[in-house]
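Notes for the one structure printed next.
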Amino acid sequence: MNNSKAYSVTEATRKLENYCAYQERCHKDVLEKLRTMRMIPEAIDQIVSHLIQENYLNEERFAKSFARGKFSIKKWGKNRIINELKQRQISRFNIKTALAEINEETYHKTLSELANKRLAQIHETNLQKRRKKLADYLLYRGWESNLVYEKLKELI
């Protein structure tokens, strides 16, 4: 984006409506975008409240969409989703609401599929190293340690 262009509040508002309509955004993304557009704080406040009132910007909807997407597409565990949402300054309430979007049965099934698939790719013969590699992989993806260690006992 060309930062030398000056935007009127109306232009910036339209631009941000499109930005939010294209995909769910969190408040932090919108604020950063407005800052790169060199909008003054008063204009930023005005535009953000417009986006909220017109339902372009909805933190709960963002959190739910984010959690569903990262779980189903990237196969992230709840810990990783929580940390990523916290980095985006999403409230604890909205994080809890977002995690409720993930079906518990599907969650455990996904962990099993992911663990089995990864285990097939690990060509380590030493059992301890094999266990560690699988555990590291699953923990990095944000799966809860108690679930990871139960899965290790079951598989290796």
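The values are calculated or read from the model by the stated rules, or taken from the named source; none is laboratory data. All of these numbers come straight from a predicted model, not from anything done at the bench. As a convention, Cβ positions derive from the backbone with ideal geometry for all residues, glycine included, and neighbour counts pool all protein chains shown.
Below is a table of values for the structure above.
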read-out: Residue in the stretch 32-47 that is at pLDDT 95 or above, among the β-branched types (Val, Ile, Thr) and touching a helix residue (DSSP H, G or I) at 6+ places or on another chain (Cβ under 6 Å) present; value: yes
read-out: Selection status of Arg80, loosely packed, with under 11 Cβ neighbours inside 10 Å and within 23 Å of Glu32 (Cβ to Cβ); value: no
read-out: Counted residues, the stretch 14-36 - those being buried (at least 20 other Cβ atoms within 10 Å of the Cβ) and over 20 Å from the mean Cα position of the chain (by Cα); value: 2
read-out: Whichever residue in the stretch 88-139 is of a type in the set (A, V, I, L, M, F, W, C) and within 14 Å of Ser72 (Cβ to Cβ) and, among such residues, is surrounded by the most Cβ atoms within 10 Å (Cβ to Cβ); value: Ala98
read-out: Members of the stretch 57-77 that are free of Cβ contacts under 8 Å to residues at least 60 places away in the same chain and buried (at least 20 other Cβ atoms within 10 Å of the Cβ); value: Leu57, Glu59, Phe62, Ala63, Phe66, Ala67, Lys70, Phe71
read-out: Residue check for Leu134: out of contact with any Pro (no Cβ under 6 Å at 6 or more places or on another chain), modelled with pLDDT under 95 and over 21 Å from Glu32 (Cα atoms); value: no
read-out: Test: residue in the stretch 83-92 that is among the polar types (S, T, N, Q) and under 24 Å from Ala12 (Cβ atoms); value: yes
read-out: Exclusive hit being more than 30 Å from Glu11 (Cα to Cα) and at pLDDT 95 or above, set Ile156, Ile95; value: Ile95
read-out: The stretch 38-88, subset of a type in the set (Asp, Glu) and in a helix (DSSP H, G or I), residue nearest to Ser145 (Cα to Cα); value: Glu84
read-out: Members of the stretch 136-149 that are part of a helix (DSSP H, G or I) and either at positive phi or touching a helix residue (DSSP H, G or I) at 6+ places or on another chain (Cβ under 9 Å) (or both); value: Tyr137, Leu138, Leu139, Tyr140, Ser145, Leu147, Val148, Tyr149
